[in-house]
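Contents: one structure, followed by commentary.
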Amino acid sequence: MSNRVVQGRMVTPEKLAELVEGESVLEAESIADADRDCPDCGGDVISVGYMPSVTEFVTGYKCQDCDWSDDDRED
Ligand SMILES: [Zn+2]
């Protein structure tokens, strides 16, 4: 079980990746604790590795308490 509560809702790794990406993803790994605090509210940040397409692997970050999210893309 790697489901986590985000903003009061239980999410699966796929759903978490979708929240970060803004659209559905092909595949997502287990949710992990990110070693950082949310820059907006100071809340706990969790991370998930996912594949938005067959050629790309991204690590996404999402605050458990507010709307803040980020990913490790260079741009
Ligand atoms: Zn936050």
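Coordinate-derived values only; no laboratory data. If you're wondering where the values come from, they're calculated on a predicted model, not measured in any experiment. Glycine also receives a Cβ, built like all others from the backbone with ideal geometry; neighbour counts cover every protein chain displayed.
How many residues does the stretch 60-75 hold that are surrounded by fewer than 17 Cβ atoms within 10 Å (Cβ to Cβ) and within 12 Å of the chain's Cα centre (by Cα)?
Adding up the residues that qualify gives 3.
Name the residue that is surrounded by the most Cβ atoms within 10 Å (Cβ to Cβ), counting only residues in the stretch 1-30 that are under 12 Å from the mean Cα position of the chain (by Cα) and within 16 Å of the ligand (Cβ to nearest atom).
LEU16
Among the residues of the stretch 48-59, count how many are within 10 Å of the chain's Cα centre (by Cα) and either near the ligand (Cβ under 8 Å from one of its atoms) or free of Cβ contacts under 8 Å to residues at least 24 places away in the same chain (or both).
Qualifying residue count, the stretch 48-59: 2.
Where the second residue is β-branched (Val, Ile, Thr) and assigned to a helix (DSSP H, G or I) and the first is without any contact (Cβ under 8 Å) to a residue 24 or more places away in the chain and within 15 Å of CYS63 (Cβ to Cβ) and lies in the stretch 1-24, which pairs have Cβ atoms under 7 Å and are six or more apart or on separate chains?
Taking only residues 6 or more apart or on different chains, not a single pair turns up.
For the stretch 63-75, how many residues meet the condition of being within 14 Å of the ligand (Cβ to nearest atom) and either touching an Asp or Glu at 6+ places or on another chain (Cβ under 8 Å) or in a loop (DSSP other than H, G, I, E, B) (or both)? Give the derivation first.
Our first condition is that a residue be within 14 Å of the ligand (Cβ to nearest atom); within the stretch 63-75, this holds for 63-70.
With either touching an Asp or Glu at 6+ places or on another chain (Cβ under 8 Å) or in a loop (DSSP other than H, G, I, E, B) (or both) added as a condition, the list becomes 63-68.
Of the residues in the stretch 63-75, 6 are within 14 Å of the ligand (Cβ to nearest atom) and either touching an Asp or Glu at 6+ places or on another chain (Cβ under 8 Å) or in a loop (DSSP other than H, G, I, E, B) (or both).
Output yes when any residue across the stretch 38-47 is in contact with a Ser or Thr (Cβ under 9 Å, 6 or more places away or on another chain), away from the ligand (no atom under 16 Å from the Cβ) and not in a helix (DSSP H, G or I), and no when none is.
The answer is no; no qualifying residue exists.
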